[in-house]
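Got a structure for you, questions after.
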Amino acid sequence: MEYKYILILIVVVYLPVLITGQYTIRGVPESYAVLGENYRLQCNVTDSPSLVRFYRNNVIVCSSLSSTCESQPTDNRYKCGCINDNNTQLYLNISNINKQDDTTWSCRDGPENIIFNPTSDNIDVIEGKSQNVNCLADCKPDCNITWSKDGSTTILNNPLSLSTRDQTGSYNCTVRHTVLNKQLTKQLNVQIYYGPDELTFSSDVTSINIIEGRDQTITCLTDCFKCIYKWTGPVASSTKDLVLTQIKSNQEGNYRCEATNIKNTIPKTRSKSIQVNVHYPPYITSITSNAVNNETDEGSDITLNCNVDSKPVSTITWSSSTSTNTYIGQQWALTQAKCQDTGIYTCTANNGIGQSTTKSLPLNIRCKFILSPYTIIYTSSANNGIGQSPTKALLLNLYH
């Protein structure tokens, strides 16, 4: 009789398991498996987690929701769920065991997700109104949670308390599992809305002088994040800059800047005023005299008047074509004008802006006739032949 011997080679794959805190995992029936065969791992927990995950060398292969015991595998070789609908006893079925499965296996909960309360990853806070932000993670046992700001190594406590403008920035919440030595990080962006504080202008003055026709920008300055600005006055603006282009004299006046923090429930407002003075060169509006048609008799008192529109006030100088003398002032008074005062009178105005301006008027002084006296002597004589002839004279004064 011929005997045939069949050699069956069984390759055993050992599956080391990791026991962590309240979670234990073991193989059924042993912690080893046969290559190519199926195998089951069983995880027992003593709490009631919302989600349990099975890890192969710290890589998730399957997750089970405790509420439904539904399997969420990452590979079709794996399936997990609850044993007899008991969410404290869970299984992981591994099909077609291979050499990659010869590693450390574990089951645990978190940390896999970080949420903030308030829930947004970006938060706005009004300065002075304290806001706490909690960093929450789904891990068992509880994880160690810390905050850091803008890459700093300084550790901040949880919850994060926010209230001042210097706390604007990016924060990282780090969740570290103290048993598994696993950590996650999530970023929170914080903007503190603040101000307006004391308000001033780009030139810290209460008034400013601008030459007509020139451009000028006045900036409203205050420590504020996201304020809205409003300028009122002869020219209005809805930005922090009041832009005056080729300014005109009718744009002179009082301007007021108002800054309002738009985030405050009760808007916080600051305001300040500045006086804008528009300077322009002189313009002689009129040059007159009190003489009718600028003509009068000799000996009269004459007043010459020069009216000038300018800003600042101009210096007015008078000159005459008949004299080298000059006079400074708006009015020039000629007392008992003489015939030789007849001539052209010129008013010159200058306020340091642009060129001087001049205007003239003619003045005619009518001369009186001057009578010079001279004497005529009239003589009368009589003669009758007796003795000498008697005579008599008469003096007559004439004027011309």
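How do 135, 339, 220 rank when sorted from fewest to most other Cβ atoms within 10 Å of their own Cβ?
339, 135, 220
Can you give me the distance in nm between label points at residue 130 and residue 68, each placed 7 Å from the Cα along the Cα-to-Cβ direction?
Spacing of the two 7 Å Cα→Cβ label points: 4.2 nm.
Right, here's the next one. Amide H of residue 83 versus every other amide H placed in the peptide plane: which residues, excluding those fewer than 5 positions away on the same chain, fall under 5 Å?
Residues meeting the criterion, in which the H sits 1.01 Å from N, are 89, 90, 91.
Which lysines, if any, have their Cα less than 28 Å from the Cα of residue 99, not counting same-chain residues under 8 positions apart?
Within reach: 79, 182.
Moving on to the next point. Taking the Cα centroid of region 198-246 and of region 52-128, what is the distance between the two, rounded to the nearest whole Å?
So the separation of the two Cα centres works out to 61 Å.
What FRET efficiency would be calculated for the residue pair residue 144, residue 219, taking the C-beta separation as r and a Förster radius of 45 Å, to the nearest 0.05?
0.35
Using a Förster distance of 60 angstrom, determine the FRET efficiency expected from the C-beta separation of residue 238 and residue 331, and round it to 0.05.
0.75
Here is a further query. Going by C-beta contacts inside 10 Å, put 242, 156 in order with the fewest on the left.
The fewest-first ordering by Cβ neighbours comes to 156, 242.
Shifting gears a bit: Using a Förster radius of 56 Å, what is the FRET efficiency between residue 315 and residue 269 based on their Cβ-Cβ separation? Nearest 0.05, please.
Step by step, r from the Cβ atoms, then E = 0.80.
How compact and how long is region 22-179, expressed as Rg and Dmax of its alpha-carbon atoms in Å?
20.2, 66
List the pairs from 149/186; 272/311; 149/240; 186/226; 129/272 whose alpha-carbon separation is above 21 Å, in the order I gave them.
272/311; 149/240; 186/226; 129/272
Using each residue's phi in region 333-338, evaluate 6.51 cos²θ - 1.76 cosθ + 1.60 at θ = phi - 60° and report the 3J(HN,Hα) Karplus result to the nearest Hz, with x for Gly and Pro.
Those phi angles translate into 9, 9, 8, 6, 4, 9 Hz.
All of the numbers you see were taken from the coordinates with simple rules; none came from a lab. No experiment lies behind these values; they were computed from the predicted model shown. Neighbour counts are summed over all protein chains in view; Cβ atoms, including those assigned to glycine, are modelled from backbone coordinates with ideal geometry.
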